[in-house]
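The values are calculated or read from the model by the stated rules, or taken from the named source; none is laboratory data. Bear in mind that the values here come from a model prediction, so they are computed numbers and not experimental data. Neighbour counts run over all protein chains shown; Cβ positions are idealised from the backbone, glycine included. SASA here: full protein model, heavy atoms, side chains in, ligands and nucleic acids out. Shrake-Rupley method; radii C 1.70, N 1.55, O 1.52, S 1.80 Å.
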Amino acid sequence: MGKPMHYQNTLRVGAAQINTTLGEVNDNLERHLALIVDARHDDVELLVFPELSLTGYRLANRVMQVAMPLEDPRLQTLARACGPMQVVVGFVEEASPGEYYNALAIFQHGQLIAVHRKLNLPTYGGLEEGKWFTHGSELTHTDICPGWSATQLICADLWNPALVHAALLARPTVLCAPINSASGIVSDDFSNEQNWALNTRFYAMTYGTPVIMANRFGPEGDSHFWGGSRILGPDGETLAQANGEEALIVADLSRTAIAKARFELPTHRDADTPLVRELMAGYR
C-alpha cells in the first residue's frame, strides 16, 4: 500500500486589486510582477488578479493589438515569477488569427498550467463583449496543493447560475472570481456594488466554498471601477475586503471550516444531477 495522503488544513490566498492602464500590457505586466513578489513574501499560495488585468476592459478594436498567444514571452515571464504560488491573471488570448478570448492564464511552478476562457459574454447595458470575443465552452479546474483545488469563473460567468452550479459540482475547495465591475455600467438602477456582494456571498454560503473576488479600482475613460475585492469563507463570511484603492488583501482559508459548512448544508451531496439533467432535457 502507498503512503497515506496528508492534506494541509489551511491555504493562504490573496486578491490583487489593481488599477490597470488600458492597452498598456508591458506597464501592467510590471505591476503584476511587483505584486507577485509582495504576495510571495507574504506566503500566499493562491493569488487572483482581476479580469483582463493585463489589458484593461474597454478595448473595442484594441483587442487585436493586446491579444497574446500562449507562447508569448510575457506570459512566460509571469510563469517564472510565480514559483510555487498559483497565480490567476486576466488577458486576451489569441487562439488563431481573428479568434480572441477574454481569458485567464493560470500559472504555477514556473509553467502555464491552465487557461479559462470566459463562457458568458455580456452584451447589454454598457457591456459589449459579444462584439469582440469568442465565448468559451469548457469549465476549468486546477489543483493547488494536496487537499486544495480551484475552479475559475470570470465576472458574468457568475451571473449564469447554471454555470456556477456546474463548476462547483466538481467540489473545488476555492472559487476564483476575477471581475471587471464599473459603477452603473449595467444601468443607473442596478447597483454592481451591492449586487456583487449578494452574488458572491450567496454562492459561498450555498456551496460551502470560499470565494476570492478580485475587482479593479480606478478610472478607465468615463467608467469608474469601484474595487470592493473580497475573500469570503465557506459560510459567506467576509475574511478580507479591500477599500477604495489599490490593494493586496490576504486571508487564510480552513479546510476544516469548509468540511463543516458542507456537512451542515449538503448542497453538493443533494444536487441530484440525474434529476436536474432530466428536467432540463426539454429546454433549449
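Remarks
- Apolar share of the accessible surface for the stretch 10-281: 51 percent from carbon plus sulfur atoms, 1.4 Å probe.
- Accessible area (Å², 1.4 Å probe, nearest 10) - I154: 0 Å²
- Under the simplified labelling scheme, the R284-R12 pair shows an inter-label distance of 5.3 nm, with each label point 7 Å from Cα along Cα→Cβ.
- Dipole axis of the stretch 80-183 (+1 Lys, Arg; -1 Asp, Glu on Cβ), positive-most option in T173, V92, H109: T173
- Option label - Cα extents along the principal axes in Å computed here, alternatives [x] 52, 47, 31; [y] 70, 45, 33; [z] 52, 48, 38: [z]
- Using heavy atoms of the protein chains and a probe of 1.4 Å, the accessible area assigned to E138 is about 130 Å².
- Excluding ligands, DNA and RNA, the accessible surface per residue across the stretch 130-187 is 35 Å² with a 1.4 Å probe.
- Multiplying the residue separation of R269 and L33 by 0.36 nm and removing their Cα-Cα distance gives an extension gain of 80.9 nm.
- Integer Hz, Karplus 6.51/-1.76/1.60 couplings in order for the stretch 226-231, x for Gly and Pro: 8, x, x, 3, 8, 10
- Full extension of the chain segment joining A60 with S137 gains 25.5 nm, where the gain is 0.36 nm per residue of separation less the Cα-Cα distance.
- Dipole check for the chain: with +1 at the C-beta of Lys and Arg, -1 at the C-beta of Asp and Glu, and the Cα centre as origin, the magnitude is about 740 Debye.
- Simple spin-label estimate for W159 and Q194 in nanometres, 7 Å along Cα-Cβ: 1.6 nm
- Applying 0.36 nm per residue to the separation of S96 and T21 and subtracting their alpha-carbon distance, the gain on full extension is 24.5 nm.
- Counting heavy atoms of the protein chains alone, D143 has an accessible area of about 120 Å² for a 1.4 Å probe.
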